Amino acid sequence: MAAPRHFLQFKDLSSDELDYLFERSRVIKTRFKAYQRHWPLQDRSLVMIFEKASTRTRLSFEAGMQQLGGSAIYLNTRDSQLGRGEPVEDAAQVISRMSDIVMIRTFEQDIIERFARHSRVPVINGLTNEYHPCQILADIFTFIEHRGPIRGKTVAWIGDSNNVCNTWLQAAEVLDFNVHVSTPPGYEVEAERAGLYGTDHFEQFADPMDAARDADLVTTDVWTSMGFEAENEERLRDFADWQVDVEMMRAAKPDAVFMHCLPAHRGEEVTADVIDGSQSVVWDEAENRLHTQKALMEFLLLGRVND
Ligand code: CP
Ligand code: NVA
């Protein structure tokens, strides 16, 4: 049995494969909008395992699998044996014998890596403490739709060097663009945790205005990610100056777009006039989770198709 392809980190896909996926996402989206049936995964089943809350990821994977002709099964740690200490390796053996593809949202990256090593079927990272590769797939597809190729462009990341930030940094290495990061002191990017080869594609800035300067895309995320709630009070104080507002958007290029993976906290990491303003593409970004993940599941199960 050939080893399955997984999508555990952004760099698991090559730039050539990503170019294919972005083009395929466009085709799949166009067909979906035209109500054309596209059922390449008829009779296949996706198992979705959630150890953390979700709206977009659950909905886009579940609806996406149904739209591809298959079905989706939802498991969480509260009411399955996963929450009662069954080894992740045993769970992987069993779940992957009863399904065709698995998506997992969990805590440490190590959990999903161990699951994948014992899985007979492709495993997709639906967010870990370290990475959120499906999010950046959708974000880059959204950028391409609005502004064309991302190669050589500059993305400004303002705020926490979290899972979404790490994934932008990996994507910059694979697709050859730049990320300007500004975090409060003590929250800087850790290159090893981000899984980077080097520091050629990113630069850290003490002042968020400097990071935003001349950027093609400005993006941020919550100050407190899931799993870090105990630090919330401290983070509210530490991140107060790392809010994306109109003045910061003015420092970026005049045609810069604003992105946020959502859910957002207006008045914390972003002001309402930015996220609800004319440069914001957050609703397209959220919708594109659906189209890009359909292309991803099709690719991981069937390889490249050109129908
Ligand atoms: N952006 C994102 O992953 O949203 P959910 O937490 O709602 O899935
Ligand atoms: N960084 C956030 C992203 C949520 C989609 C978190 O991990 O909670």
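Residues in the stretch 263-289 that are open to solvent by 20 Å² or more (accessible area, probe 1.4 Å), over 15 Å from Ile158 (Cβ atoms) and among the hydrophobic types (A, V, I, L, M, F, W, C): Ala272, Trp283, Ala286. If a residue must be touching a Phe, Trp or Tyr at 6+ places or on another chain (Cβ under 8 Å) and open to solvent by 60 Å² or more (accessible area, probe 1.4 Å), how many such residues does the stretch 244-262 contain? So the answer is 0. Please go through the stretch 47-78 and give me each residue that is within 13 Å of ligand 2 (Cβ to nearest atom) and either open to solvent by 30 Å² or more (accessible area, probe 1.4 Å) or within 14 Å of Asn288 (Cα to Cα) (or both), ordered by number. If the condition is that a residue be within 13 Å of ligand 2 (Cβ to nearest atom) and either open to solvent by 30 Å² or more (accessible area, probe 1.4 Å) or within 14 Å of Asn288 (Cα to Cα) (or both), then Glu51, Ala53, Ser54, Thr55, Arg56, Thr57, Arg58, Leu59, Ser60 are the ones that fit. Across the stretch 92-125, the qualifying residues are those that are touching a Phe, Trp or Tyr at 6+ places or on another chain (Cβ under 7 Å) and within 20 Å of Arg44 (Cα to Cα), and the one among them that is nearest to ligand 2 (Cβ to nearest atom) is Asn125. Applying the set (1) touching a residue at least 40 places away in the same chain (Cβ under 8 Å); (2) surrounded by fewer than 13 Cβ atoms within 10 Å (Cβ to Cβ); (3) away from ligand 2 (no atom under 12 Å from the Cβ); (4) under 20 Å from the mean Cα position of the chain (by Cα) to Leu302 leaves exactly one unmet item: (4).
Within the stretch 226-247, residues that are of a type in the set (Phe, Trp, Tyr) reach partners that are within 16 Å of ligand 1 (Cβ to nearest atom) with beta carbons closer than 6 Å, at six or more positions or on different chains, in the pairs Phe239/Trp223; Trp242/Gly159.
The numbered conditions (1) within 16 Å of ligand 1 (Cβ to nearest atom); (2) loosely packed, with under 13 Cβ neighbours inside 10 Å; (3) of a type in the set (A, V, I, L, M, F, W, C) are all true for Trp39 except (1). Specify the residue that is nearest to His260 (Cα to Cα); the eligible residues are those in the stretch 188-224 that are of a type in the set (A, V, I, L, M, F, W, C) and part of a loop (DSSP other than H, G, I, E, B). It comes out as Val222.
In the stretch 127-137 there is no residue that is modelled with pLDDT of 95 or more, assigned to a strand (DSSP E or B) and open to solvent by less than 10 Å² (accessible area, probe 1.4 Å).
Against the list (1) on the phi < 0 side of the Ramachandran plot; (2) more than 16 Å from ligand 2 (Cβ to nearest atom); (3) modelled with pLDDT of 95 or more; (4) not basic (Lys, Arg), the condition Ser161 fails is (2). The requirement of being under 16 Å from Phe299 (Cβ atoms) and in contact with a helix residue (DSSP H, G or I) (Cβ under 9 Å, 6 or more places away or on another chain) is fulfilled nowhere in the stretch 80-97; no residue meets it.
The values are calculated or read from the model by the stated rules, or taken from the named source; none is laboratory data. Source: prediction; values computed, not measured. Heads up, the Cβs are rebuilt from the backbone with ideal geometry, glycines too, and the neighbour counts pull from every protein chain shown. For accessibility, only protein heavy atoms count, side chains too; no ligands or nucleic acids. Shrake-Rupley method; radii C 1.70, N 1.55, O 1.52, S 1.80 Å.
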